[in-house]
1. Take residue 209 and residue 174, extend 7 Å from each Cα along the Cα→Cβ direction, and tell me the distance between the two endpoints in nm.
2. Return the whole-Å distance between the Cα centroid of region 137-207 and the Cα centroid of region 28-104.
3. Output the Cα-based Rg and Dmax of region 1-90 in Å, rounding Rg to one decimal and Dmax to a whole number.
4. Could you line up 237, 113 from fewest to most neighbouring Cβ atoms inside 10 Å?
5. Under a point spin-label approximation (7 Å from Cα along Cα-to-Cβ), what is the residue 278-residue 248 distance to one decimal in nm?
6. If one computes the Cα centroid of region 220-243 and of region 257-294, what distance in Å separates the two points?
7. Roughly speaking, what is the stretch gain from residue 286 to residue 47, that is 0.36 nm per residue apart minus the C-alpha to C-alpha distance, in nm to one decimal?
8. Rounded to the nearest 0.05, what FRET efficiency is calculated for residue 150 and residue 81 with R0 set to 22 Å and r the Cβ-Cβ distance?
Ligand SMILES: [Zn+2]
């Protein structure tokens, strides 16, 4: 019998733990600021799991962690936003303290699983998920199975090169999709547009303070032409990335989430257009490019579902 599970979204600024029912309902939730020392970090993860589970029957726990993981060792090997988590044997340190089985998953892959089980992909078996935030994360579900690769580090859709001589990416490479279509890239492009068009609403903000990605979205929604063209250009780069993913994975749905999706169709309309120009039939004609539906809860929900699904409770088609 399927039971409740705990999903823990370990982020660079906060840790959110939730007890989730088999149907995807969050029954209880706690949040703590993320400590940036390894000992305090483990302590806070343990405390959040104990606290949130209190009074609930829980069958398993999954940690959605930021960065590249070695799944067999239950370790994060590199995390740009949370160096303190690197190298900690999470299963060995946390499991004895909580008394239920624990697994780990990359946070974007967990979010993809959340959308697959409870959100934009819940009606399909083939899903590509991309999250546009400070960086770009991704996850792929094919035939109802989460793509992990040999070490659990697969599905890094944000670090596919789409422009050989493009801007430097946080990962050290040049021209990654992340460097061209993330919230950070929107901010950078917005600052350049503000310099070019000082009379635009973007330009007027730049005269007072630094232009951020959120400013671009807000002004575009109010009709500022300079801001709208920044988002359209961002959508073109996203579409170039999507075309590749559509050709490779032939998904039924490509769901796009993350903070930058506050812009919705201001980004997605040009992304769809570009994808259709570049991807091959019949894949390009099947895929629906849509906004992810779970918002910031997708990681927590997906992690909880993985804790249960991994123990065999989930069977495709049921
Ligand atoms: Zn990169």
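Readers should treat all values here as calculations from the given coordinates under stated rules, not as data from a laboratory. Since we're looking at a predicted model, the values are computed, not measured. Neighbour counts are summed over all protein chains in view; Cβ atoms, including those assigned to glycine, are modelled from backbone coordinates with ideal geometry.
1. Distance between the two pseudo-spin positions: 3.5 nm.
2. Measuring centre to centre over Cα atoms gives 27 Å.
3. 13.1, 39
4. 237, 113
5. The modelled label-to-label distance comes out at 1.2 nm.
6. So the separation of the two Cα centres works out to 12 Å.
7. That works out to 81.5 nm of additional length.
8. With R0 = 22 Å, the Cβ-Cβ based efficiency is 0.35.
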